[in-house]
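Beneath this line is the structure, given in structure tokens, with notes to follow.
Readers should treat all values here as calculations from the given coordinates under stated rules, not as data from a laboratory. For clarity, every value in this text was computed on a predicted model and none was experimentally measured. Note: ideal-geometry Cβ built from the backbone for every residue, glycine included; neighbour counts use all protein chains shown.
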Amino acid sequence: MHKKLFIPGPVEVREDVLEKMATPMIGHRTKDASELQRGISEKMQRLMYTKSAILLSTSSGSGLMEGAVRSCTGKRAAMFSVGAFGDRWYKMATSNGIPADLISSEPGKPTTPEMVDKALASGKYDLITITHNETSTGVMNPVEEIAQVMHKYPEVVWCLDTVSSMGGTKIEVDTLGVDICITSTQKCLGLPPGMAICSFSEKAVAAASKVEFRGTYLDLLELYNYIKKKDHQYPSTPSLSHMFALDYQLDRIFAEGLENRFARHLKMAELVRAWTKENFELFPEERYASNTLTTVKNTRGISVGDLNKKLGEKGYMISNGYGSLKELTFRIAHMADATIDEIRTLLNLIDSLI
């Protein structure tokens, strides 16, 4: 039996979107492929509110996260973490021999503008990484406030992980001043996993041009230069199946309307937060709670594993806590094409099982 997914990715994917994955292949060096990839880039610019170049990668979001740090760190990176995926970004830097410092917040707390300001005032860093939406703790960082600090440091490259939020909440890349904004297909975009997307600013291009060892497959400058020279072709064979589905899904997203989509995600989040406060507690501070998933503090000491087993028998699946937070928390995703009615049905089902 298929379990309806309310986990932080992969998400439930619509049948018509899945069918687009089965579109017959075309040559990846053809004009048709260039047209497909150009169209996706233009649509992603619209979704991201950016004029910067868009890069597509047949990898998870982690691929572009690693590529960003390796390609654009010239001096030292400041890696701000509010959970497991900020920590992973730091590991990516250090495992590639890139000088970096990890600046962590307490679990459930955000990266604050003051933390960023303090780090950058030292003059040690030429690149920072921020996790916009941390799926382990359910924290959505105050990027609008952080942007005010970043305007003071125009020489610093700003990398932003929006893997679990792009397409589910409004992220105005150019207004914020983000240089490399990274997302992937399997969360709010509502597609199967396997493709990542990022914006790549002129400042990031200039920074990468000064870095000697950027790797090969995930060299973002190589991707940028190649698509410019070859009319949206890529150096290696891309996942055309994902591109067919992404192109179609982006049209669906715009048909829904961006503001309508963001409002739907917020309404789902508010519903789950209200249920959480009535039955358990929110793990993050409420003003920093994510709009795309909710991390619930397991104050009643229920067996999350047993709950999920019972949900599975009914055809549903939520997510246990991540890493050290397993059983101490659980997570309910409300993203992509999920509806308020579906979320309400899920919560009613959990009520009947706990």
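Things to note:
- Dipole in debye (nearest 20) - the chain, about Cα centre, beta carbon charges: Lys, Arg +1; Asp, Glu -1: 420 debye
- When the chymotrypsin sites (Phe, Trp or Tyr not before Pro) in the stretch 171-243 are filtered for DSSP coil states and for at most 16 other beta-carbon atoms within 10 Å of their beta-carbon, the remaining sites are 213, 217.
- Between the stretch 1-27 and the stretch 85-130, the Cα center-to-center distance that results, in Å: 34 Å
- Where both bridge residues fall in the stretch 25-254, DSSP classifies roughly 35% of the beta bridges as antiparallel.
- Average projection, convex hull of the Cα set of the stretch 199-328: 13.0 square nanometres.
- Theoretical FRET efficiency, 1/(1+(r/R0)^6), r = Cβ-Cβ of residue 314 and residue 49, R0 51 Å, to 0.05: 0.80
- Lys, Arg +1 and Asp, Glu -1 on Cβ, resulting dipole of the stretch 221-325 about Cα centre, debye, nearest 20: 120 debye
- Among 87, 174, the order by Cβ neighbours within 10 angstrom, fewest to most, reads 174, 87.
- Length added when fully stretched, residue 279-residue 326, from 0.36 nm per residue minus Cα-Cα: 15.1 nm
- Label zone at residue 352, where the point sits 7 Å out along the Cα-to-Cβ direction: the stretch 292-319 residues whose backbone N lies under 14 Å: 310-316
- For the stretch 12-140, the antiparallel share of DSSP beta bridges with both residues in that region comes to about 20%.
- Relative contact order [Cα under 8 Å, 6+ residues apart], the stretch 25-254, whole percent: 28 percent
- Principal axes of the chain: Cα extent on each, largest first, Å: 58, 53, 34
- Gain on full extension, evaluated as 0.36 nm per residue between residue 236 and residue 31 minus their Cα-Cα distance, stands at 72.2 nm.
- Estimated FRET transfer efficiency (residue 212, residue 121; beta-carbon r; R0 25 Å; 0.05): 0.35
- With a simple spin-label model that places each label point 7 Å from the Cα along the Cα-to-Cβ direction, the separation between residue 23 and residue 342 comes to 2.2 nm.
- Reducing the stretch 145-164 and the stretch 168-224 to their Cα centroids gives an inter-centroid distance of 13 Å.
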